[in-house]
1. Contact list please: Cβ distance under 7 Å, first residue in the range 57-74 and in contact (Cβ under 8 Å) with a residue 60 or more places away in the chain, second residue in a strand (DSSP E or B) and among the β-branched types (Val, Ile, Thr), pairs at least six apart or on different chains.
2. Would you point out the residue of the range 40-56, among those that are touching a residue at least 40 places away in the same chain (Cβ under 8 Å) and out of contact with any strand residue (DSSP E or B) (no Cβ under 6 Å at 6 or more places or on another chain), that is surrounded by the most Cβ atoms within 10 Å (Cβ to Cβ)?
3. Mind listing whichever residues of the range 81-133 are loosely packed, with under 10 Cβ neighbours inside 10 Å, in a helix (DSSP H, G or I) and not charged (D, E, K, R)?
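The values are calculated or read from the model by the stated rules, or taken from the named source; none is laboratory data. Bear in mind the structure is a predicted one, so any value in this text is a computation, not a measurement. For neighbour counting, all protein chains shown are included, and Cβ atoms are generated from backbone atoms with ideal geometry for every residue, glycine included.
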Amino acid sequence: MKSRAKNLLPTRAEMRILQTLWDLGQGTVEDVINQHSPATRPNYKTTQTILRIMEQKGLVRHESRGRVFVFQPCVTREKIGRLSVQNLLHQNFGGSTTELMVNLLETTRVDEKELKELESLIRNYRKQKNGDTKAGS
């Protein structure tokens, strides 16, 4: 089945399953539920149902190995991370990267090393962007 919703963000329960599959690479329903401690272990049937829904959304796929379905993620952590940030940016900050960054810096402890790293990333991004603009001229 072709994925029809590659840009849908996973729900919290789907995210939990994706985290497990990313860590394992692939897994059965049993593998997924056994990755959690007994106190937080999800129900087998619920996990199975969520995996079917995730497959319809294009988040996972399965292959049959005998009587068992082995699931693999169809999306990367990076893709979901980018989609999550884009969603947060537009939904909570009206698309303003500046507002998002200011909020992050004001509400999170950022040490000197991280600030220097952020400054370096911004400088490199600016150089790359200016280089692309000059190349396109």
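1. Here the result reads Cys74/Val60, each pair linking the range 57-74 to a residue that is in a strand (DSSP E or B) and among the β-branched types (Val, Ile, Thr).
2. So the first thing to find is which residues in the range 40-56 are touching a residue at least 40 places away in the same chain (Cβ under 8 Å), and the list is 54-56.
Those left that are additionally out of contact with any strand residue (DSSP E or B) (no Cβ under 6 Å at 6 or more places or on another chain): 55-56.
Numbers: Glu55: 17, Gln56: 13.
Restricting to residues being touching a residue at least 40 places away in the same chain (Cβ under 8 Å) and out of contact with any strand residue (DSSP E or B) (no Cβ under 6 Å at 6 or more places or on another chain), the top hit is Glu55.
3. Selection gives Gln91, Thr98, Thr107, Thr133.
Listed here are the residues, each with its yes/no results for (1) more than 20 Å from the chain's Cα centre (by Cα); (2) closer than 21 Å to Arg16 by Cβ; (3) hydrophobic (A, V, I, L, M, F, W, C); (4) not assigned by TED's automatic domain parsing to the domain that holds Gly27.
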position	(1), (2), (3), (4)
Gln56	no, yes, no, no
Phe71	no, yes, yes, no
Val85	no, yes, yes, yes
Arg109	yes, no, no, yes
Glu114	yes, no, no, yes
Glu117	yes, no, no, yes
